[in-house]
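Contents: one structure, followed by commentary.
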Amino acid sequence: RYRVLLIGSYGEGVTLFTPASMKEKSSPAEPVPPGNFTTFTTKEGLPDDQINAMIFDDKENLWMAGKSGITVLDTAEWDKTKRLKFRYFTKEDGFSGIENNDNAVYKDKEGNTWFGTMNGAFRFTPGKEKPNTRESATYITGIKLFFEKVDWSTYPHTTMNGLGLPVGLQL
């Protein structure tokens, strides 16, 4: 149903081409049929604009591998509502590779998707994923007051060693 014409390996995200008709091209010289081009970047929810490898699964979801892990675009949701619904797989989800090698993706006859990473091969088996239920950790490394840096030592709060942030500050 889809044709991916451009992988944004130089920080351009990914462009999805949806043809107006399902007619297959008979030769590479034949012009591209009319259709819609849609580009997705970090502005639309990709964790990284450098996509190294892509593949469609058996349900036509688009799997994209980059330097930040694996992102899956739910194409059924996109077809129905034109809303982007992404799932992310990172180190916290058990994806140990994180940085994927260029074009190192393969779908075997059982429907498993294999990704070649800097740490070896990683296999994803459809239906076996477990959602991460842990809350993300938040680390505050600085606070600005009215868009300016603050010298917290002038306020009646004690500050943390190293960062200079107030202890017990309530926002």
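The values are calculated or read from the model by the stated rules, or taken from the named source; none is laboratory data. The structure presented is a predicted model; accordingly, all values stated were derived computationally and were not measured. Note: ideal-geometry Cβ built from the backbone for every residue, glycine included; neighbour counts use all protein chains shown. Protein only, heavy atoms only, side chains kept; ligands, DNA and RNA dropped before computing areas. Shrake-Rupley method; radii C 1.70, N 1.55, O 1.52, S 1.80 Å.
In this structure Y155 has an accessible area near 90 Å², from a 1.4 Å probe over the protein heavy atoms.
Packing here is the average count of other Cβ atoms within 10 Å per residue, and on that basis the peptides 115-122, 144-151, 64-71, highest first, run 64-71, 115-122, 144-151. Ranking T75, T42 by solvent-accessible area of protein heavy atoms (1.4 Å probe, all protein chains present), from largest to smallest, gives T42, T75.
Quick check on my link table: of K43/K91; K59/K107; K82/K109; K82/K128; K67/K144; K85/K109, which ones sit more than 24 Å apart, alpha carbon to alpha carbon? Beyond 24 Å between Cα atoms: K82/K109; K82/K128; K67/K144; K85/K109. Once the 1.4 Å probe is applied to the protein heavy atoms, region 43-156 comes out at 69 Å² accessible per residue. Spin-label pair K91-T125: with each label point 7 Å from Cα along the Cα-Cβ axis, the two points sit 2.6 nm from one another.
The 3J(HN,Hα) values that the Karplus relation (6.51, -1.76, 1.60; θ = phi - 60°) gives for region 66-76 are, in residue order, x, 6, 9, x, 10, 10, 10, 9, 7, 6, 5 Hz. Gly and Pro appear as x.
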